[in-house]
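Taking it in order: structure first as structure tokens, then the write-up.
The values are calculated or read from the model by the stated rules, or taken from the named source; none is laboratory data. These figures come from a predicted structure and were not determined experimentally. Cβ atoms come from the backbone with ideal geometry, glycine included; neighbour counts cover every protein chain shown.
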Amino acid sequence: METMNRKQKWASFGRSLLSSLVPVIAAFIIGGIIISLLGENPFTTYWILISKSLFTVKGFAYTLHKAAPLILTGLAIAVTFKANIFNMGVEGQLLIGGFFAGIAGASLTGTSPVVTKVICMAVGMGCGVLFALIPAVLKAYFRVNEMVVTLMLNYAMIKILEFLATGVFRDNGSGYVTTPTIQAGAMFRRLGGSKLTPFFFISLIVFLIMYFVMNRSVLGYEIRAIGLNPVFAEAASMKVRNKIIEIMVISGALSGLAGAGQMMSDQFKYTLTFSGTPGLGWDGMLVSLLGKHDPVGILIAAIFYSALKTGSDKINFYTNVPKEIIAVIQSLIILFLAVQFFDEKTNLFDSLKKKITGRDETTVKEEL
Amino acid sequence: MDLLQSILYDMVYHSTPIILCVIGGVFAYKANVLNIALEGMMLCGAFIVMLVDFLTGNLALAVGASILSVLLLGLIFSFFGITCKGNVIVVGLGINMLVSAIAGFVLKVMNSSNILINSLKVSDFKINIPVIENIPILGSLLSGHPLITYLSFLGIFLMWVLMYKTKFGIYVRVVGENEDAARSLGLKVSFYRYMAILIGAFCCALAGINLSLERLGLFTNDMTAGRGFVAIAAIYCGHGDPLVSAVYAIIFGLARSLSINLSIFAGPAAGLFDVIPYVLMTIVLTVVSIYRYKNIKIRGFRINE
């Protein structure tokens, strides 16, 4: 009996591993075809991609550095998606958090470096929370579809920040649109010769907290219950309305912190390409989907995806393949991840087997 | 007077792509498939028509290729979302990102930041209706627009007829309202969902062609700028009725037109006017939602209704 259980556990672990790996491999195969169409060798391209970002100490440190905001945005997405709330506004929440953390970092003087950093991060989180509260309140009290609202408010936020960066908060000494560079006291120092900063460890601490919240706390249980069946959750005396706001506040705080961290450890000023393309919030979406909305999965997925991103810069150096190929591969991964190839409910492979053998998989098991 | 005329003209001008997305998207909404890939489909239409025209110089071929490519995108969406039962929100998001990524990749390979065709004269696409063009206000409202603009307004009524006066429309709505009932009647549920998505894809292709080819003769990446999402908001507000949803699309067009025409007087705050349409749409969505659920007084909270 026990061996059966263990077998089943391994089977389900293998299944979830496969369901993350297969989309990635499929996307890389399609990406490889595109690369070979350009007349380049896909294998050497992929080898450069991986070896430069994972197999050298310097490269790996850079990968971890770039993974820090992805871990946070990944968690920000996961905490809402688990509850079946679709917060697509992580990108906007990250931008406003980063922007105002930068403004605080540039204007604060006379405080000790530690205090400055704490204030900057708090400002970032606060802004993220405030922006996330708009869709949260609309959803909880007026039943407005949060997905549509967050998708549209992203565009509004990009425009507002663009306006602020070109007007009120513009750094007039600079030749292009940017806010002033933050004070030295607000910057996270690099550790040793690497690009790694303490911000990575802050994101690890947040990861541990979120691991506890999502897997071991009452709130985590409530999030899952709301995601599975909000009517039941309400009937079981959960205040779904308040929980939705709580969940969105957590998501907004994580996104805002990610933005603040990006500002204080990587960018140091707000430019119009602050979060890159397609943006750290959207990267977080992929990370969360790849990690199956599970904190540990997200941590691994964030490092993996960060390796792709840092490696893609190297592709430009060593081959003629434009690094935009990574965006193509990323979107293909998301597309393939949408389908649960190995889910127990809609298992395509089982149904294929059924069609071929003419027998139902479950009945075979029962006979045994 | 000139200002009023240009506001009205721009209203029609900016409403067009959103109306097209809306009247295409309502079928998916009614068939209970949330299609957030409208944005990506529109971008794909805009991109392919300019790319093919740039490479071949054949306008008819370009338009055909554009429509076909978006229909293909619709098939991909349907296959992943309906046949494989994937999460349609994630599928839609994946398609939106895929189109943007491919367009960015191709532009990079072409070593250019946009596709501009010099031989293309946008003014050639404009159709001036004799007599009417000289009537003051009516002229700017009805005359001087490109072909697809007229098609889009005609399309509102066509889609309304298709939705409410044909068997196809009834079946699509049955599939959306009660899948099991539809199945027990012997309706091919997947077939109607596929068709609903493909109608949306076709309309989005037209919207894209309007956006890049007819209006500007220029493609830049991500030029759709969230119009697909605005269209989804309009569909939500109009509860999937083509006529009502199109009215919300026109409201957005008006907001856009006002923000552009009035920003001249705003001085340094002009940049902020771009925000108005998105914020207005959020407010409209909220008001409609409050109004809709005003009289429902069941205990508790439901997420999906």
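Is it fair to say B:Asn304 is over 30 Å from A:Phe81 (Cβ atoms) and either touching a Cys at 6+ places or on another chain (Cβ under 7 Å) or at pLDDT below 70 (or both)? So B:Asn304 does not fit the description; no. Against the list (1) within 13 Å of chain B (Cβ to nearest Cβ); (2) surrounded by 20 or more Cβ atoms within 10 Å (Cβ to Cβ); (3) among the hydroxyl-bearing types (Ser, Thr, Tyr), the condition A:Ser237 fails is (2).
Report yes if A:Leu161 is under 18 Å from A:Leu257 (Cα atoms), within 14 Å of another protein chain (Cβ to nearest Cβ), surrounded by fewer than 24 Cβ atoms within 10 Å (Cβ to Cβ) and not acidic (Asp, Glu), otherwise no. Steps first, please.
Working: under 18 Å from A:Leu257 (Cα atoms): yes; within 14 Å of another protein chain (Cβ to nearest Cβ): yes; surrounded by fewer than 24 Cβ atoms within 10 Å (Cβ to Cβ): yes; not acidic (Asp, Glu): yes.
It is true that A:Leu161 is under 18 Å from A:Leu257 (Cα atoms), within 14 Å of another protein chain (Cβ to nearest Cβ), surrounded by fewer than 24 Cβ atoms within 10 Å (Cβ to Cβ) and not acidic (Asp, Glu).
Can you find even one residue in the range A:164-177 that is crowded, with 17+ Cβ neighbours inside 10 Å, within 13 Å of chain B (Cβ to nearest Cβ) and part of a helix (DSSP H, G or I)? There is at least one residue in the range A:164-177 that is crowded, with 17+ Cβ neighbours inside 10 Å, within 13 Å of chain B (Cβ to nearest Cβ) and part of a helix (DSSP H, G or I). Residues in the range A:240-250 that are aliphatic (A, V, I, L, M) and either within 14 Å of chain B (Cβ to nearest Cβ) or more than 20 Å from the chain's Cα centre (by Cα) (or both): A:Val240, A:Ile244, A:Ile245, A:Ile247, A:Met248.
Quickly run through the range B:257-276 and pick out the residues that are more than 10 Å from chain A (Cβ to nearest Cβ) and among the small types (Gly, Ala, Ser). B:Ser257, B:Ser259, B:Ser263, B:Ala266, B:Gly267, listed by residue number. B:Val189 - would you say it is under 18 Å from B:Asn35 (Cα atoms) and at pLDDT below 85? Yes, satisfied. Exactly one residue among A:Gly92, A:Gly128, A:Gly124, A:Gly102 is under 12 Å from A:Ile182 (Cα atoms), touching a helix residue (DSSP H, G or I) at 6+ places or on another chain (Cβ under 7 Å) and buried (at least 24 other Cβ atoms within 10 Å of the Cβ), and that residue is A:Gly102.
Only one entry of B:Ile89, B:Ile95, B:Ile76 meets the criterion of being closer than 26 Å to A:Ile333 by Cβ, surrounded by fewer than 22 Cβ atoms within 10 Å (Cβ to Cβ) and at pLDDT 85 or above, and that entry is B:Ile76.
Could you give me the residue pairs with C-beta distances under 7 Å whose first residue belongs to the range A:278-302 and is more than 19 Å from A:Gly256 (Cβ to Cβ), whose second residue is in a loop (DSSP other than H, G, I, E, B) wherever it lies, and which are 6+ apart or on separate chains? From residues that are more than 19 Å from A:Gly256 (Cβ to Cβ), the pairs are A:His293/A:Lys82; A:Gly297/A:Gly291; A:Ile300/A:Gly291; A:Ala301/A:Gly291.
Within the range A:316-338, residues that are within 7 Å of chain B (Cβ to nearest Cβ) reach partners that are of a type in the set (Ser, Thr, Tyr) and not in a helix (DSSP H, G or I) with beta carbons closer than 9 Å, at six or more positions or on different chains, in the pairs A:Glu324/A:Thr277; A:Ala327/A:Thr277. Just one residue in the set B:Met223, B:Met163 is touching a Gly at 6+ places or on another chain (Cβ under 8 Å), hydrophobic (A, V, I, L, M, F, W, C) and modelled with pLDDT under 85; that residue is B:Met163. Considering the conditions (1) in a helix (DSSP H, G or I); (2) surrounded by fewer than 24 Cβ atoms within 10 Å (Cβ to Cβ), A:Met152 is excluded by exactly one of them, (2). Tell me, please, whether a residue that is in contact (Cβ under 8 Å) with a residue 60 or more places away in the chain, away from chain A (no Cβ under 13 Å) and either under 15 Å from B:Leu43 (Cα atoms) or surrounded by fewer than 20 Cβ atoms within 10 Å (Cβ to Cβ) (or both) can be found in the range B:243-256. Within the range B:243-256, one or more residues are in contact (Cβ under 8 Å) with a residue 60 or more places away in the chain, away from chain A (no Cβ under 13 Å) and either under 15 Å from B:Leu43 (Cα atoms) or surrounded by fewer than 20 Cβ atoms within 10 Å (Cβ to Cβ) (or both).
Scanning the range A:32-41 turns up no residue that is modelled with pLDDT under 85 and under 22 Å from A:Ile334 (Cα atoms). Taking the criterion of being part of a loop (DSSP other than H, G, I, E, B) and closer than 16 Å to A:Tyr211 by Cα, the residues of the range A:273-295 that qualify are A:Gly291, A:Lys292, A:His293, A:Asp294. The set of residues in the range A:78-89 that are more than 11 Å from chain B (Cβ to nearest Cβ) and buried (at least 24 other Cβ atoms within 10 Å of the Cβ) comprises A:Ala78, A:Val79, A:Thr80, A:Asn87, A:Gly89.
Is the range A:251-269 home to any residue that is more than 19 Å from the chain's Cα centre (by Cα), in a loop (DSSP other than H, G, I, E, B), away from chain B (no Cβ under 12 Å) and at pLDDT 85 or above? Even if it seems obvious, please write down each step before you answer.
First pass over the range A:251-269, keeping only residues more than 19 Å from the chain's Cα centre (by Cα): A:268-269.
In the following step, the residues that additionally are in a loop (DSSP other than H, G, I, E, B) were identified as A:268-269.
Still in the running and away from chain B (no Cβ under 12 Å): A:268-269.
Still in the running and at pLDDT 85 or above: A:268-269.
Yes, the range A:251-269 has at least one match.
Does the range B:105-120 contain any residue that is more than 30 Å from A:Ser36 (Cα to Cα) and within 14 Å of chain A (Cβ to nearest Cβ)? It would help to see each step written out before you state the result.
Start the filter on the range B:105-120 by keeping residues that are more than 30 Å from A:Ser36 (Cα to Cα), which leaves B:118-120.
After this cut, where a residue has to be within 14 Å of chain A (Cβ to nearest Cβ) as well, the list is none.
Within the range B:105-120, none of the residues are more than 30 Å from A:Ser36 (Cα to Cα) and within 14 Å of chain A (Cβ to nearest Cβ).
Of all the numbered requirements in (1) among the β-branched types (Val, Ile, Thr); (2) at pLDDT below 80; (3) not in a loop (DSSP other than H, G, I, E, B), A:Ile315 misses one, and that requirement is (2). Number of residues in the range A:11-29 that are β-branched (Val, Ile, Thr) and over 23 Å from the mean Cα position of the chain (by Cα) equals 1.
Taken across the range B:217-234, residues that are crowded, with 24+ Cβ neighbours inside 10 Å, of a type in the set (S, T, N, Q) and more than 12 Å from chain A (Cβ to nearest Cβ) do not occur at all.
Going by the structure shown, is B:Ser113 buried (at least 16 other Cβ atoms within 10 Å of the Cβ) and either closer than 25 Å to B:Met41 by Cβ or of a type in the set (S, T, N, Q) (or both)? First the steps, then the outcome.
On the way: buried (at least 16 other Cβ atoms within 10 Å of the Cβ): no; either closer than 25 Å to B:Met41 by Cβ or of a type in the set (S, T, N, Q) (or both): yes.
Criteria not met by B:Ser113.
Does any residue of the range B:288-299 turn out to be buried (at least 19 other Cβ atoms within 10 Å of the Cβ), within 11 Å of another protein chain (Cβ to nearest Cβ), modelled with pLDDT of 80 or more and out of contact with any Leu (no Cβ under 6 Å at 6 or more places or on another chain)? Yes, the range B:288-299 has at least one match. Of B:Arg215, B:Arg193, all but one fail to be within 15 Å of B:Ile82 (Cα to Cα), among the basic types (Lys, Arg) and touching a residue at least 12 places away in the same chain (Cβ under 8 Å); the exception is B:Arg193.
Is it fair to say A:Pro42 is surrounded by 11 or more Cβ atoms within 10 Å (Cβ to Cβ) and more than 14 Å from chain B (Cβ to nearest Cβ)? Yes, satisfied.
A single member of A:Ile202, A:Ile223 is of a type in the set (Val, Ile, Thr), surrounded by 14 or more Cβ atoms within 10 Å (Cβ to Cβ) and under 24 Å from A:Ala61 (Cβ atoms), and it is A:Ile202.
If we only count helices (runs of 4 or more DSSP H) wholly inside the range B:1-118, which ones have 3 or more residues that are in contact (Cβ under 8 Å) with a residue 60 or more places away in the chain and aromatic (Phe, Trp, Tyr)? Outline the logic, then answer.
Details: elements: B:2-30, B:38-56, B:59-78, B:88-109.
Qualifying helices (runs of 4 or more DSSP H): B:2-30.
Quick check on my filter: what residues within the range B:17-58 are touching a Leu at 6+ places or on another chain (Cβ under 6 Å) and either closer than 21 Å to B:Gly253 by Cα or of a type in the set (Phe, Trp, Tyr) (or both)? Answer for the range B:17-58, where residues must be touching a Leu at 6+ places or on another chain (Cβ under 6 Å) and either closer than 21 Å to B:Gly253 by Cα or of a type in the set (Phe, Trp, Tyr) (or both): B:Pro17, B:Leu20, B:Cys21, B:Gly25, B:Met41, B:Ala46.
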